Amino acid sequence: MAYPPSGRHSTTSTLYMVAGVLLLVALALRTPDLYRAWQTGELTTARAGLTLVFLVGALFMLRMGWRLRRNNRQNDVID
């Protein structure tokens, strides 16, 4: 498992967490449009796939920001 880079933890962790939250908010605002496209059959595989990539990226940013804030370098698969 990759460990976060060392140094400037507070600034970096804040930026990661803010970026993750903003991306989640943007995805939440797009959800009604995605649902409408899915109901009408206009949702493409590329659009759905890109949305999932953004969701995984947002969760990764939140995870990295939280790890940097805690300054924890142990395996955090369980906690």
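The values are calculated or read from the model by the stated rules, or taken from the named source; none is laboratory data. The structure displayed is predicted, hence computed values, not measured ones.
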Taking region 1-28 and the residues there that are among the hydrophobic types (A, V, I, L, M, F, W, C) and over 15 Å from the mean Cα position of the chain (by Cα), the one that is modelled with the highest pLDDT would be Ala2
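Select from region 29-59 the residues that are in a helix (DSSP H, G or I), of a type in the set (S, T, N, Q) and farther than 30 Å from Arg70 by Cα and write down the one among them that is nearest to the chain's Cα centre (by Cα). Steps first, answer last, please.
Within region 29-59, the subset in a helix (DSSP H, G or I) is 29-40, 45-59.
Right, trim to of a type in the set (S, T, N, Q) and you get 31, 39-40, 45, 51.
From what's left, farther than 30 Å from Arg70 by Cα: 31, 39-40, 45.
Numbers: Thr31: 15, Gln39: 26, Thr40: 28, Thr45: 20 Å.
The qualifying residue nearest to the chain's Cα centre (by Cα) is Thr31.
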